[in-house]
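Here's the structure we're looking at; comments come further down.
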Amino acid sequence: MKNFARIIGTGSYLPPKIVTNFDLEKTLDTTDEWITSRTGIKERRIVNNESTCDLAVPACLNALSMAELKPQDIDFIILSTTTPDKIFPATATMLQNRLGASCPAFDIQAVCAGFVFALNTAQQYIENGSATNILVVGSETMSKIVDWNDRSTAILFADGAGAVVLSADNNTGIKYSKLYSDGNYLSSLQVNNNRINELGTIEMEGNEVFKIAVNKLSDLAEETLKECNMTSENIDWMIPHQANIRIISAVAKRIKLPMEKVILTVEKHGNTSAASIPLALDIGIRDGRINKGDTLLFEGIGGGFSWGSVLAEF
Ligand code: UT7
């Protein structure tokens, strides 16, 4: 009998400090009108001095609580992050210690696609029988690698954490997942530090990234539906990476999915990179929109580029 990797718990955490577009108007040559119309973002959360691990801990505790599991029941912790607290050890090991777990723990780095890369990795351990319960986390303090004088990126990125517990299930769970990378696009989106001890900031050719994101994510959504013998009518909820409302709506339009079936958090969260998908999922579950048995489509793309999709029954 096949082991499916099924989501049995979710949790999220946002730092309390809210930075609105009006706050950014005071320090940058920008306007609320420009940011809202070009991105859909109205406000974002930014850490004071919390670390990536600090954000992950409450998100994980909430996910474990929904799953009715204890940290000792977890077989792996996989943390996707672009903003680890240290070069080493992996932030996942600090998280393991803070949670009181004792399983192997490691980080995955695929920027804004990190969460789908981590889900796909966890899926393999569960399907091959080497794990029963895995904590998959996306946690980011993107504010630490933003150039706060660069209006084209400072308005986009933000901080937060989301987590899911994946558990072996005989009946249903992740039905399909697919990952891609193409390292041709280094200069389109990167933190340009050439020395390990040099703290760089995000550099992005926004327009180029926008077009590639729409094309790659639309193609991948179509491919995912085709591989699952589905159409967008079979999707109850799309939970995309939350980078820009215009990217999300272009992809939804291409696969003929009404926007009412898309979980959107970009307005209040901004782009939290690897945290954006689990954050949106947790919000959609806790407010009652996403229910057991729903078919969910996750998609994300980030620097590299790396991109991926996961189709799952909840
Ligand atoms: O998570 C994956 C990573 N990132 C993304 O997915 C981001 C993808 N890209 C985008 O979301 C969009 O390209 C942006 C929101 C970054 C920019 O929107 P755009 O419609 O592509 O604008 P643009 O870069 O073509 O810039 C248009 C104009 C420029 O002025 P000129 O050259 O036409 O005079 C920019 O200098 O808007 C200007 N601009 C701004 N104006 C006011 C750029 N940023 C701002 C700003 N406020 N914050």
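The values are calculated or read from the model by the stated rules, or taken from the named source; none is laboratory data. Here the structure is a predicted model, which is why all the values come from computation and not from measurement. Please note: Cβ atoms are built from the backbone with ideal geometry, for glycine as well, and neighbour counts cover all protein chains shown. For accessibility, only protein heavy atoms count, side chains too; no ligands or nucleic acids. Shrake-Rupley method; radii C 1.70, N 1.55, O 1.52, S 1.80 Å.
Brief remarks follow.
- Scanning region 149-187 for residues that are more than 12 Å from the ligand (Cβ to nearest atom) and aromatic (Phe, Trp, Tyr) turns up Tyr176, Tyr180.
- Residue, farthest from the ligand (Cβ to nearest atom), within region 241-254, restricted to residues that are open to solvent by 10 Å² or more (accessible area, probe 1.4 Å) and in contact with an Asp or Glu (Cβ under 9 Å, 6 or more places away or on another chain): Arg254
- Qualifying residue in region 48-58 (condition: charged (D, E, K, R), part of a helix (DSSP H, G or I), at pLDDT 95 or above and within 21 Å of the chain's Cα centre (by Cα)): yes
- Contact annotation: residue pairs with Cβ atoms under 9 Å, 6 or more positions apart or on different chains, pairing a residue in region 10-32 that is under 20 Å from Ile277 (Cα atoms) with a partner that is acidic (Asp, Glu) and surrounded by fewer than 20 Cβ atoms within 10 Å (Cβ to Cβ), are Tyr13/Asp54; Pro15/Glu50; Pro15/Asp54; Ile18/Glu43.
- When Thr82 is tested against (1) closer than 30 Å to Glu198 by Cα; (2) outside any loop (DSSP other than H, G, I, E, B), just one condition goes unmet, and that condition is (2).
- For region 264-287, filtering for residues that are farther than 18 Å from Asn21 by Cα and open to solvent by less than 30 Å² (accessible area, probe 1.4 Å) leaves 12.
- The set of residues in region 85-102 being assigned to a loop (DSSP other than H, G, I, E, B) and surrounded by 18 or more Cβ atoms within 10 Å (Cβ to Cβ) consists of Asp85, Ala90, Ala101.
- Criterion (assigned to a strand (DSSP E or B) and touching a residue at least 60 places away in the same chain (Cβ under 8 Å)) met by exactly one of Ala163, Ala118: Ala163
- Selection count where residues are open to solvent by 20 Å² or more (accessible area, probe 1.4 Å) and either assigned to a strand (DSSP E or B) or under 27 Å from Ala122 (Cα atoms) (or both), scope region 20-47: 3
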